[in-house]
Structures are given as structure tokens and as C-alpha cells.
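Asker: Okay, handing you the structure first.
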Amino acid sequence: MSIYSIVMIGKKLFISVCMCIIFTGAYGQEKIVVNDDSTSVLSEVTVYGYLSERKIKEVPASISVLTSKQIALQSGVSLVSAMNTMAGVRMEERTPGSYRLSLRGSTLRSPYGVRNVKVYLDEIPLTGAGGNTYLNALDISGIRTVEVMKGPDGSLFGANSGGVVLLNPMSRNRSDNSAEIKFDAGSYGLIHQSAKMHQNIGKNELEISQAYQRYNGYRDHSSMDRFYFQIADRFHYGEDNKLKLLGFYSNLNYQTPGGLTLEQFNNNPRSSRPATATLPGAIEQQIGVRTKIFFGGLVNEVRISKAIRNVTSIFGSHVDFENPFITNFEQRDELTYGVRTYFEYSRPVKGDFKLTAIIGAEWQQTQAKIDNYDNLNGKTGNPQAFDELSTNQYFIFGRYAVTLFEKLNIEAGASLNNYHYRFRNLYPLNEQNRNKRNFTPQFMPRLAASYSLKENFIWRVTLSRGYSTPTIAEVRPGNNVINTGLDPETGWNLETGFRLFDNNNRIRIDASVFYYRLENSIVNRRLADDTDYFLNAGGTNQSGLELDVSATIIKKRTKGFIRGIELSEVLTISRFRFRDYIVNGNDYSGNNLTGTPLHVSVVGLHIMFPARLYLYMQCNFTGRIPLNDGNTVFASSYELLQAKIGWQISIAKSSIHIYAGADNILNQKYSLGNDLNAFGNRFYNPAPARNIYAGLQFRI
């Protein structure tokens, strides 16, 4: 029997077992995950997304959490596979180091990067005033937990139309002194090394992280390397007061092999984009991205009284960005700085009545100088266009929440958002005065409620408004033309859902359905020379269903060959349509939204054995994806099967974690990040074939 036959039989058996368990009413609890103790079960999940710690079942919002233990079940070198285990979340990697992230929506707005989503690192916005979020600058070793709030939420976080992501670089609670070093190696020249130290000295906690990653890549001209250094310091002073210092330096370089046509994809998926009669190829032009980032800030939390506290952050970042592309060489210099502050009042008025009120403001400014030259085989040639842009955004926000009889939670919040940008051309026009575009201040309300129908059955409903202004990269895209006519996208989102737990905490179900009516949707188009430009597509209707089920088949036990089994299933169904979209005489109204899979299902199986051995398997079923607005081309569906086996050894106060894994076990031909609306039908960025990795972690 061939290896392929064995793999296919194993795949079918795995899928059949998982489906049978789910639909025959298996019981469960919070996900069993691996970190220091592979046999431990997570305690009840708490979230910090609404600026104070709460049990997730009490929050009237669609929110997902990745803990450090859940992240550790994945390969450990990238957030992509871990993020894709959350319903409504899609993270793509067109080539190593090139991320795209969307929450309940299309990546149509993002040729690369993150758009219409607000991202915070602790209390500091990682998303600049210009709308850019350099998520790929971070190393996974510097992230403890991830919280994702799906659907627009401006009540505390300002302008966004997709949702909010909170990255926590440090444990919320005081941790013991520790040090660890970790090393991974894998197929296609993968090397990832990280080191971390956590030290308590009196009232001060210091955590330092360092990481280096190198990857030759599956395709020609797709190597990447990143050096990363992070510091997080927390000083406790007074009574319940904290001063935090957060900062990181990232030096990321990656090559981009470029998109392929379907014929090229089928003939040789490892090739880079070849030259044509009119344009040179990827290798000839040495296309890629080089990014150096300094990011940092101070966060002060002070308890003014038993009921009132204030949190104030000051922050700044500097980005040095270079992107040699097929037709130009872009150099971008960005400087961002800002402040965020809020006051929280929280006090139980009576035994059955508790209220929390928050009021605050956030201000940011990003100054960018963008220079484009001819690309002479990876070096700058004659100048094409030089521009200066300065973006300024500020908003005031407030939120009022009450809890009645520990059953009914009601929240009302809103933000008032202001945004404008100034610009001038330095070459060839040499403008002396800056032009300015002001946007009308926008009010973003959010109303939400949840009610415990039974002790462990909580129903919720949310109404919120989304609003997202064009980013710097959209106002001044690759065609070097400043588009002052690009308008913000805005819309209303209505959703309802429930969370269900059993009395023994042996099952967890989280379900949501939503309808989002978006106006002035921003979409990306491609010119013949492969440069981008953006326009407003009219509107989209976005309805969907999200389901997250976690079940423990066998609870933790001390005897037997199998010590525990945990199963999870995440399902996302998206019915996103263009409502009124006409461009260049073509009517795309009624078509599927470009870049969004029609359905995604992720099944996970975690088995624990004696001697702290474990096996984790995960299968991602992704449906076909429309690749152009006309819906004439679709990427085929795929089944991505991965597995990881590990062994943890305890020696005195230290531990050793040895593990190995495989990705794309079924050897699927797929693209994890397509070039949408690509000129010349160059849609495809082939992902790696079957590959393996292994690693060692030592902790003391």
C-alpha cells in the first residue's frame, strides 16, 4: 500500500470520527492545550477586550480568544494557522512574511497587510493614524494571548469596519521568574530561534524576548528573515497602580515571487513570476519588502479611588519601508505618535445591580514621506514621484454597562471620530503648499445586551455601526496618484448569538449570525503594469453564520493509555454579495464578494497519553474563493491537514518540550493568499507542499 493511500485512509478516518463525535452529542469544556503541562485543562476563559477583566460568557459580543497554550499547539513559528482556528477570522500568507488579515470580510481591500481592522498591542494602538498595521513585524514568541472582537466596534476603539484585535505581550497576572530558549527547524530551510526571560525584582517585572527566523521558501525568490527584540516592563507602585513600558524592534526582509497564471501554477508551482513581452520578472527586478520598525510606549494605570481608575498611554513608532516592485521602487518613511487616555468608574451600587462607565479619548498623527523610483534590477533609478502625507485622527469614546441580578447585561457605547489628511507633491510638481481633505466627523454607536436564560445558556444581541477611512496606502497607492475622491466605507451590523455550557463545564458552544450592510465598500483593482488603485464599490450585503464547538470526550485522568481527548469544530459560512457595484461599464451587482471563501470548517483533535505525550491533529476545509469581481474565476477548495506530536519532560524546576509536526499532509495544491482582480490572470501564490518541522524548548 502506498504512502498516499495510507494518508487518504487516515484522513477519511479522522474526518469520520470527528464528525460522528460532534453530531452524536459529545460533551466538552474549554480547550485542552499544551504549554508547561500537557494534561492541564484551561480554567474558565476571561477577556480584557472591553478594558476590564470579565468572564467571556458575560460579554455581550462575538469575541474569540487564543491563549498561549492554544498557540503552542500550532507549529510555533507563525500566527497564521492559530488565527484561522477562530470562526470569522481569515489570515493569509501570500509568501513567507507577507500577511493579510480580515475579520468577517474580504481581503479585497488588502493587496497585502491589514485594513479596516484596528489592532492594539496591550493598551497601545499598533494601527497607525494612516491605517497601516505592520502585523508581520511581530514574532510569535512575543505574543501571549490574542483577543478578537468581530464586527465593527467603535465604542472604545474608534474607526473600524471589520473589528478589533488585541495582542497581549505579557501575562495579565504576575508570573514566576523563568527563562526559556526554543529552536525550530523544518522543510525548505526553516529556522526559528527564540529566547525569553521573565524576572521579578521587588515590585518590578521585566520580560525580554528575542527571536530570529529564516526561511528559504517553497517557491523561487521567496526567502525571508526577521530579527526581533521585545521588552515589556511592569512596575507596581502605590496601591493597585502600574506603570508599563512596551517596545520592540523588528527588522524584516522577504522576497516576493509574484503571482502565477493557472497554467503556470499547474506546471511549476515553485516558480516565481516570469518575465513577459512587456514586463520583467520577479527575480530580474529583485522584488520584495524590507521593513525596519521601532515601536514603543508607556502605559500608566492609577487607582484614583476604589471606584475610579485612569489608564493613559503615550506611544510612538518609526517605520523604514522599502519595496522594489516590478514597475517601481518605493521607499517610505513613517513617523507615528499619539496618546490615549480613559477613566473607568466601576462600582456595585446594590447587590443585584452593578454598573461600569468609561469615558476617554485617543489621538494619533502619522507623517509619511513616500518616494517612488524606477526599479533597475532591485536598485533605485530615475525618480517617478515624491509625496508627503500627514494623517491625523482623534476620537472621544464612552461606554456604559449595567448588570442586573447577574443575568442581564446591557451595554451602550459610542465614539465620535475625526479624520483628515494633508498632502503635497515634492516631485515633479514641487508644491509649496499642502492640500487638505477633511472628513465629516462620524458617530459610531454600539448597543448590546445578553441574558442568561439558564445558568449556562446566555443569549446576546448587538447593533453597531462601522466606519473606516481610506488608509495612506489606499489614498496614495502603487500607481503614484493621490486619490482624494476615495470615501470612507460605513455600514450597520446587526447580530445575535448564544453561548452554551453544561453544568459540569464539559461542553462549550458559541454561535453567531449577523447581517452587515456596508456602504462605499473600498475595493482594490489592478492596472496593466500591475500597480494598484482603489475605488468605492457602492455597497455590499454581508450575512454569515459562525459556530465554535469544543467538547471533551475523555476528561483528564491518571490511568489508561489515553489520558484525555478533546475535540473542537469551528464553522464559518459567508454569504457576502456586491449590492450595487458598477465599474468601467461592468455591473457586478449580485456577485459573490471577491476573496471571501463561501465556507470554512476547522476541526481539531487533541489526544493525551501517559508520560505527558500528546498528539494534536487539525484539518482546515476551505471552500472555493472568487478571484475576480466578475466571478468568472474561482480558486479551488482545499483540505489542509496538519499534525503535531510532542513530549514534555520535567526535571526539578525545569522542563523540556520536544515536538515534531507536519503540514499539508495531503499535499494539496492551493494558494494561501491570492492576488485578487490580477491583470493577466496572475491570481495564484502557491503555498508549500507537504512539509515537516521539529523543535526543542527548554524552560527553567
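Asker: Of the conditions (1) farther than 20 Å from Gln74 by Cα; (2) in contact with a Leu (Cβ under 8 Å, 6 or more places away or on another chain), Ile665 fails just one. Which one is it?
Answerer: (1)
Asker: Note down all Cβ pairs under 8 Å where the first residue falls in region 140-159 and is open to solvent by 10 Å² or more (accessible area, probe 1.4 Å), the second is among the basic types (Lys, Arg), and they're at least six residues apart or on different chains.
Answerer: Ser141/Lys182; Ser141/Lys196; Lys150/Arg104; Ala159/Lys118
Asker: Can I ask one more? Mind listing just one residue for me: the one in region 674-693 that is surrounded by fewer than 23 Cβ atoms within 10 Å (Cβ to Cβ) and small (Gly, Ala, Ser) and, of those, nearest to Pro111 (Cα to Cα)?
Answerer: Per the stated criteria, the residue is Ala678.
Asker: To continue, here is another question. Test of understanding: among Gly281, Gly338, Gly288, which residue is within 26 Å of Phe395 (Cβ to Cβ) and either in contact (Cβ under 8 Å) with a residue 12 or more places away in the chain or within 30 Å of the chain's Cα centre (by Cα) (or both)? Walk me through it before giving the result.
Answerer: Details: Gly281 fails: within 26 Å of Phe395 (Cβ to Cβ); Gly288 fails: within 26 Å of Phe395 (Cβ to Cβ).
Among Gly281, Gly338, Gly288, only Gly338 is within 26 Å of Phe395 (Cβ to Cβ) and either in contact (Cβ under 8 Å) with a residue 12 or more places away in the chain or within 30 Å of the chain's Cα centre (by Cα) (or both).
Asker: Here's something else I'd like to know. Write out, first by first residue and then by second, each pair whose Cβ atoms fall under 9 Å of each other, whose residues are 6+ apart or on separate chains, and whose first residue, in region 372-397, is free of Cβ contacts under 8 Å to residues at least 12 places away in the same chain while the second is of a type in the set (D, E, K, R) and not in a loop (DSSP other than H, G, I, E, B).
Answerer: Close Cβ pairs satisfying both conditions: Asn382/Asp374.
Asker: In the set Glu431, Glu495, Glu455, which member is surrounded by fewer than 17 Cβ atoms within 10 Å (Cβ to Cβ) and either closer than 30 Å to Val45 by Cα or modelled with pLDDT of 95 or more (or both)?
Answerer: Glu455
Asker: Can you confirm whether Lys203 is free of Cβ contacts under 8 Å to residues at least 60 places away in the same chain, open to solvent by 30 Å² or more (accessible area, probe 1.4 Å) and either within 30 Å of Ser62 (Cβ to Cβ) or under 25 Å from the mean Cα position of the chain (by Cα) (or both)?
Answerer: No: the conditions fail for Lys203.
Asker: I need a count of the residues in region 231-263 that are closer than 30 Å to Phe634 by Cα and either touching a His at 6+ places or on another chain (Cβ under 7 Å) or open to solvent by 50 Å² or more (accessible area, probe 1.4 Å) (or both).
Answerer: Qualifying residue count for the region: 4.
Asker: If we keep just the residues of region 596-630 that are among the small types (Gly, Ala, Ser) and closer than 15 Å to Asn84 by Cα, which is surrounded by the most Cβ atoms within 10 Å (Cβ to Cβ)?
Answerer: Among those that are among the small types (Gly, Ala, Ser) and closer than 15 Å to Asn84 by Cα, it is Gly604.
Asker: For region 382-470, please list each of the strands (runs of 3 or more DSSP E) lying entirely inside it that holds at least 3 residues being among the basic types (Lys, Arg).
Answerer: 435-454
Asker: Give me the residue from region 264-278 that is modelled with pLDDT of 95 or more and over 22 Å from Pro111 (Cα atoms) and, out of that set, most open to solvent (accessible area, probe 1.4 Å).
Answerer: Among those residues, the one meeting the criterion is Asn267.
So that you can scan it fast, the table gives a plain yes or no per residue for (1) part of a strand (DSSP E or B); (2) exposed (fewer than 15 other Cβ atoms within 10 Å of the Cβ); (3) out of contact with any helix residue (DSSP H, G or I) (no Cβ under 9 Å at 6 or more places or on another chain):
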site: Arg499; (1), (2), (3): yes, no, no
site: Asn505; (1), (2), (3): no, no, yes
site: Arg517; (1), (2), (3): yes, no, yes
site: Leu535; (1), (2), (3): yes, no, yes
site: Glu546; (1), (2), (3): yes, no, yes
site: Ala551; (1), (2), (3): yes, no, no
site: Glu566; (1), (2), (3): yes, no, yes
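Asker: While we're on this one: Condition first: closer than 26 Å to Val570 by Cβ and open to solvent by 20 Å² or more (accessible area, probe 1.4 Å). Now tell me which residues in region 641-661 satisfy that.
Answerer: Gln642, Ala643, Ile645, Ala660
Asker: Can you confirm whether region 93-104 contains a residue that is touching a strand residue (DSSP E or B) at 6+ places or on another chain (Cβ under 8 Å), acidic (Asp, Glu), more than 18 Å from Phe534 (Cβ to Cβ) and open to solvent by less than 10 Å² (accessible area, probe 1.4 Å)? So that I can check it myself, show each step before the final result.
Answerer: Keep residues of region 93-104 that are touching a strand residue (DSSP E or B) at 6+ places or on another chain (Cβ under 8 Å), which gives 93-104.
Now restrict to residues that are acidic (Asp, Glu): 93.
Imposing the further condition that a residue be more than 18 Å from Phe534 (Cβ to Cβ) reduces the set to 93.
So of that shortlist, the ones also open to solvent by less than 10 Å² (accessible area, probe 1.4 Å) come out as none.
No, there is no match, as no residue in region 93-104 is touching a strand residue (DSSP E or B) at 6+ places or on another chain (Cβ under 8 Å), acidic (Asp, Glu), more than 18 Å from Phe534 (Cβ to Cβ) and open to solvent by less than 10 Å² (accessible area, probe 1.4 Å).
Asker: Looking at this structure, is Leu426 surrounded by 15 or more Cβ atoms within 10 Å (Cβ to Cβ) and either over 28 Å from the mean Cα position of the chain (by Cα) or free of Cβ contacts under 8 Å to residues at least 60 places away in the same chain (or both)?
Answerer: yes
Asker: Only residues that are open to solvent by less than 20 Å² (accessible area, probe 1.4 Å), farther than 30 Å from His221 by Cα and hydrophobic (A, V, I, L, M, F, W, C): list them for region 360-390, please.
Answerer: Matches in region 360-390: Leu389 only.
Asker: Scan region 187-199 residue by residue and report those that are touching a Ser or Thr at 6+ places or on another chain (Cβ under 8 Å) and either farther than 28 Å from Asn377 by Cβ or open to solvent by 40 Å² or more (accessible area, probe 1.4 Å) (or both).
Answerer: Ser194, Ala195, Lys196, Met197, His198
Asker: Output the number of residues of region 48-83 satisfying the condition of being within 12 Å of the chain's Cα centre (by Cα), surrounded by 22 or more Cβ atoms within 10 Å (Cβ to Cβ) and part of a loop (DSSP other than H, G, I, E, B).
Answerer: Of the residues in that region, 1 qualify.
Asker: For region 553-602, give me the residue count where each residue is of a type in the set (Ser, Thr, Tyr) and in contact with a Cys (Cβ under 7 Å, 6 or more places away or on another chain).
Answerer: Summing the residues that are of a type in the set (Ser, Thr, Tyr) and in contact with a Cys (Cβ under 7 Å, 6 or more places away or on another chain) in region 553-602 gives 0.
Asker: Of everything in region 577-592, what is part of a strand (DSSP E or B), open to solvent by 10 Å² or more (accessible area, probe 1.4 Å) and under 21 Å from Arg90 (Cβ atoms)? Give them in sequence order.
Answerer: Arg577, Asn592
Asker: Being touching an Asp or Glu at 6+ places or on another chain (Cβ under 6 Å) and touching a residue at least 12 places away in the same chain (Cβ under 8 Å) is true for just one of Asp548, Asp530. Which residue is that?
Answerer: Going through Asp548, Asp530 in turn, the sole match is Asp548.
Asker: Right, another one. Would you please list the contacts, defined by Cβ atoms under 8 Å and residues six or more apart or on different chains, that run from a residue in region 241-262 that is closer than 19 Å to Ser222 by Cα to a residue that is at pLDDT below 95 and in a strand (DSSP E or B)?
Answerer: That search, which allows pairs on different chains as well, returns Tyr254/Thr95; Tyr254/Ser98; Gln255/Thr95; Thr256/Arg94; Thr256/Thr95; Thr256/Ser98; Pro257/Thr95.
Asker: Can you tell me which residues in region 476-486 are under 23 Å from Ile287 (Cβ atoms) and touching a residue at least 60 places away in the same chain (Cβ under 8 Å)?
Answerer: Answer for region 476-486, where residues must be under 23 Å from Ile287 (Cβ atoms) and touching a residue at least 60 places away in the same chain (Cβ under 8 Å): Arg476, Gly478, Asn480.
Asker: Let me confirm something: among Phe343, Phe315, which residue is touching a residue at least 60 places away in the same chain (Cβ under 8 Å) and either among the acidic types (Asp, Glu) or assigned to a strand (DSSP E or B) (or both)?
Answerer: Going through Phe343, Phe315 in turn, just one is touching a residue at least 60 places away in the same chain (Cβ under 8 Å) and either among the acidic types (Asp, Glu) or assigned to a strand (DSSP E or B) (or both): Phe315.
Asker: Looking at (1) under 16 Å from Asn84 (Cα atoms); (2) without any contact (Cβ under 8 Å) to a residue 40 or more places away in the chain; (3) open to solvent by 20 Å² or more (accessible area, probe 1.4 Å), find the lone condition where Tyr638 falls short.
Answerer: Status for Tyr638: all satisfied but (3).
The values are calculated or read from the model by the stated rules, or taken from the named source; none is laboratory data. Computed from a predicted structure; not experimentally measured. A quick note on method: Cβ atoms are made from the backbone with ideal geometry, for glycine too, and the neighbour counts reach across all protein chains shown. Heads up: the accessible areas ignore ligands, DNA and RNA and are worked out on the full protein's heavy atoms, side chains in. Shrake-Rupley method; radii C 1.70, N 1.55, O 1.52, S 1.80 Å.
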